[in-house]
Amino acid sequence: MGTSGAKRDVASGRLPARQYEENFADLHPPLGRHPAMVEADRCYFCHDAPCVEACPTDIDIPMFIRQISTGNPMGAAETILKQNIMGGMCARVCPTETLCEEVCVRETAEGKPVKIGMLQRHATDVLFADGKQIFTRAPASGKRVAVVGAGPAGLSCAHRLAVLGHSVTVFDAREKPGGLNEYGIAAYKSLEDFAQHEAAYILSLGGIEVVTGKRLGSDLSLERLRGDYDAVFLGVGLGTVRDLGLEGEDLEGVIDAVDYISDLRQAGDLSSLPVGREVVVIGGGMTAIDIAVQSKLLGAEEVTLVYRRGQEQMNASGFEQDLAQTSGVKITHFAQPARLIGEDGAVRGIEFERTRLGGHGRLEGTGETFTLAADVVFKAIGQIFVPGGMANGGDGVRLEDGRIAVDGEGRTSLGDVWAGGDCVAGGQDLTVAAVQDGKAAAISMDRALRAQSPTRSRDTGG
Amino acid sequence: MTDLRSDFVGIKSPNPFWLASAPPTDKEYNVVRAFKAGWGGVVWKTLGEDPPIVNVNGPRYGAIHGPDRRMLGFNNIELITDRPLDLNLREIKKVKREWPDRALVVSLMVPCEEGAWKRILPLVEDTGADGIELNFGCPHGMSERGMGAAVGQVPEYVGMVARWCKQNTRMPVIVKLTPNITDVRNPARAAKEAGADAVSLINTINSIAGIDLDTMAPDPATDGKGTHGGYCGPAVKPIALSMISEIARDPETQGLPISGIGGISNWRDAAEFMALGSGTVQVCTAAMAYGFRIVEDMTEGLKNWMGEKGYTRLDDFVGKAVPSVTDWQYLNLNYIVKARIDQDLCIKCGRCHIACEDTSHQAITQTKDGQRYFEVDDTECVGCNLCVSVCPVEGCMTLERLTEGADPRTGKPIDPDYANWTTHPNNPNRVAAE
């Protein structure tokens, strides 16, 4: 059982110093020019291409790949960023195997799609290395917009608003802009401080002021923002990790995966992070995989990911599941946590009940149990939206399924408030979807703002 | 048993695959390697008078690349051999003695004076070589000095030199033709009339491979300047096939043996050249791109294909496609085809649709019941073959002949009888149909 006997073992610096660098090297090292050209040649330049259809931000993929193949990578980057200002980060974190690459006709033809994500990385790397500003701002509209949350949705929205000539103030509760790009992405997917480089590029356009350390609900109120600005965009993400609903969740060593990943991303020295010898992760999504793999890479001996349903129901993509397994993570399906086992205020193990899918796909316990020893238990069973200061009573935004209700353009129930990203109902919890939400909302806001005062443009003279 | 042995104007080789006169056949070392690899023959790189010419010390080659940097077209400015005549002659003699079963033809280029030819022919004859090929084709360098293509472009000169050679040697004479001419039949006729045993074609085509946009100089360039070279490789194959067909079906040159050259890269290309009347084929660019081993697949592939088709000797299919080459005016205008898409093979790239929509006849739809689905609209399809050409999946798109009912595009009943332009009502010069 492992719940008795050996002492609880949580320690930092489990690996030789050099090993950290190797373990957290780029998961997909960038394509050099030659492999990029070979790969670009594989694209058929489809008409009305399925990959574009599958991309939440509608990047003209065949065009940017053609631009790479003709030796015009800067043009390629422009094609990408025009549609998706975070094309650089999306190239690193998008689950392309379930988006553009899944529907690539060469996947249909040969079971081997064009490496769209890697090509996108190649093109955007060229642009970021150069730093060229490819956007210009429309003449100032005189309108001011508040964007709450400097994550993918918020920054995307702010950038598009700035391009369209509006003046934007972005508020974020944390110290740095970037949201989950900065605090939530697995370390081996975004190296060399890319989230900050990308944010800096976005802000270099001008017209966007970032105010950090301001949280909606405590430091800001929606009501006040609505009074001070012509429009408001909410891109606040999700607030907190779901609880297991078990006794003993306050035991030492029962940790929110999201918090730990954030610490990991901000750690200057990975060897300083405390790591359990035996780690159990509960959940079946990307966060669960991220924390399981990173625990392993930080030197945990045994990492077991336990998910209450089967492989097909896991939110993590097939690629991510494979990554976990090749990293040495053991994945156990059809088991749900039943009891946390503590000793002297710290977790020592966790008991699971086996499950099965009953009638109508409903999950049911079988009564059979087993116990895993655990120095650390990570909770990664999804995050929930915390509507701090937005949905209080009749003045707030309407919620739906616990998140902000929006229409197709990101409009909330309040006429001057838009929202997008993970905090809105019906979202996909993907970076790329958040970027699209921000962009679409900005376009919608622009239309609404211009309708308010069509003659404000400085160009009209007279 | 399938027999690949070739007897071309009395020159015997174990297979019809010869290496063309070019860098791969410049010296004993290469030629022996080629024979070891299985090549049936070589045309030794063109000999000239001493002192030998000199080559540039800058780049000699330029290339056009397709996807994955496959070399589609190749351009060169190399001249004839830059080695002393005597050295070449000694090596030729030695190689022929050691490889008696292989064809060894010697390419020649000397000034347009009978004396020059009279001097070199006995020297070549003395090597025991099987024949000579007159290089009337090189379009670069030598042509500036009145040789190569400068001769090949003037049928009278072609005939004159061929005649001198026939009069001064017992060796078979093959005249190599330049494609840099308006009508290739004229030099071919001249060669035949002069008594030449055969023609070989095509030599390379005037070309500049590209322009370096940084230096604003042609590619390849020597010290910032470039000159046109000779173009070859897969890209020139259609030009060669057409010229060969012209000679093969011209009443005046019909039956004149042809050694086919021009972008031949594999057994299939070779079979096509032979079907248009080439008794042997000559290869250069493919060998320069991949080395001599490609001949293994050429011989085996040709043998397997011949076996499948029931051909036992090369003569069984050489020239078999010639009768199918005709003038446009004799094409059957009652032959109606429509494009077809094999939905099981279709990968839904949409290339057929956009090609047809943007540049042709708007005959391929892209959705059906709201789904991505490509289908030919017979009421618009003219059967042009563009979609078949752009489809990335071989066999997915085909043309199907309509044999009954009416053509949905024109509404006219399908006429099973042959009828061509010469009798068409729209032809102001029509003749009455039979």
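Quick look at the numbers
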| item | result |
| --- | --- |
| Test for B:Gly307: is it among the small types (Gly, Ala, Ser) and closer than 22 Å to B:Val105 by Cβ | no |
| Where a residue in the range B:381-393 is within 14 Å of B:His361 (Cβ to Cβ) and within 14 Å of chain A (Cβ to nearest Cβ) and its partner, wherever it lies, is of a type outside the set (Lys, Arg) and part of a loop (DSSP other than H, G, I, E, B), with Cβ under 9 Å and at least six apart | B:Leu386/B:Ser360; B:Leu386/B:His361; B:Cys387/B:Ser360; B:Cys387/B:Ala363; B:Cys387/B:Cys381 |
| Checklist (1) in a helix (DSSP H, G or I); (2) outside the structural domain of A:Ala54 (by TED's automatic domain parsing); (3) of a type outside the set (Gly, Ala, Ser); (4) more than 21 Å from A:Pro95 (Cα to Cα) applied to A:Pro139, failing item | (1) |
| Hits in the range A:238-292 - residues which are more than 16 Å from the chain's Cα centre (by Cα), closer than 25 Å to A:Glu312 by Cβ and surrounded by fewer than 22 Cβ atoms within 10 Å (Cβ to Cβ) | A:Arg242, A:Leu244, A:Gly245 |
| Members of the range B:30-52 that are surrounded by fewer than 18 Cβ atoms within 10 Å (Cβ to Cβ), over 13 Å from B:Ile92 (Cβ atoms) and not small (Gly, Ala, Ser) | B:Arg33, B:Lys36, B:Glu49, B:Asp50, B:Pro51, B:Pro52 |
| Given (1) charged (D, E, K, R); (2) more than 14 Å from chain B (Cβ to nearest Cβ); (3) touching a residue at least 12 places away in the same chain (Cβ under 8 Å), number of the condition A:Glu21 does not satisfy | (3) |
| Test: B:Ser265 is surrounded by fewer than 24 Cβ atoms within 10 Å (Cβ to Cβ) and in contact with a Leu (Cβ under 6 Å, 6 or more places away or on another chain) | no |
| Residues located in the range B:155-200, provided they are touching a residue at least 24 places away in the same chain (Cβ under 8 Å), among the β-branched types (Val, Ile, Thr) and either more than 11 Å from B:Leu256 (Cβ to Cβ) or not in a strand (DSSP E or B) (or both) | B:Val158, B:Val161, B:Thr169, B:Val173, B:Thr178, B:Ile181, B:Val184 |
| Number of the exception - B:Asp378 against (1) of a type outside the set (Gly, Ala, Ser); (2) away from chain A (no Cβ under 14 Å); (3) farther than 27 Å from B:Ile414 by Cβ | (3) |
| Verdict on B:Ser360 being surrounded by fewer than 18 Cβ atoms within 10 Å (Cβ to Cβ) and in contact with a Leu (Cβ under 9 Å, 6 or more places away or on another chain) | yes |
| Any chance A:Ala77 is at pLDDT 90 or above and either within 14 Å of another protein chain (Cβ to nearest Cβ) or in contact with a His (Cβ under 8 Å, 6 or more places away or on another chain) (or both) | no |
| Considering residues of the range B:109-124 that are part of a helix (DSSP H, G or I) and of a type in the set (D, E, K, R) only, the residue farthest from B:Leu85 (Cα to Cα) | B:Glu114 |
| Subset of the range B:364-375 [more than 14 Å from chain A (Cβ to nearest Cβ) and surrounded by 15 or more Cβ atoms within 10 Å (Cβ to Cβ)] | B:Glu375 |
| Residue under evaluation B:Arg401, criteria (1) farther than 15 Å from B:Ile341 by Cβ; (2) not in a strand (DSSP E or B), criterion not met | (2) |
| Qualifying residue in the range B:418-426 (condition: modelled with pLDDT of 95 or more, assigned to a loop (DSSP other than H, G, I, E, B), closer than 27 Å to A:Glu53 by Cβ and not acidic (Asp, Glu)) | no |
| Of the criteria (1) in a loop (DSSP other than H, G, I, E, B); (2) out of contact with any Leu (no Cβ under 6 Å at 6 or more places or on another chain); (3) more than 14 Å from every other protein chain (Cβ to nearest Cβ), which one A:Val114 fails | (3) |
| Residues (surrounded by fewer than 16 Cβ atoms within 10 Å (Cβ to Cβ) and not in a helix (DSSP H, G or I)) located in the range A:220-237 | none |
| The range A:26-62: number of residues that are of a type outside the set (D, E, K, R) and more than 13 Å from chain B (Cβ to nearest Cβ) | 10 |
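Condition check ((1) among the basic types (Lys, Arg); (2) farther than 30 Å from A:Ala434 by Cβ; (3) in a loop (DSSP other than H, G, I, E, B)) across all residues:
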| position | (1), (2), (3) |
| --- | --- |
| A:Gly13 | no, yes, yes |
| A:Arg18 | yes, yes, no |
| A:Pro30 | no, no, yes |
| A:Met37 | no, yes, no |
| A:Ala40 | no, no, no |
| A:Phe45 | no, no, yes |
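The values are calculated or read from the model by the stated rules, or taken from the named source; none is laboratory data. This is a predicted model, so every value here is computed, not measured. With ideal geometry, Cβ positions are generated from the backbone for all residues, glycine too; neighbour counts draw on all protein chains shown.
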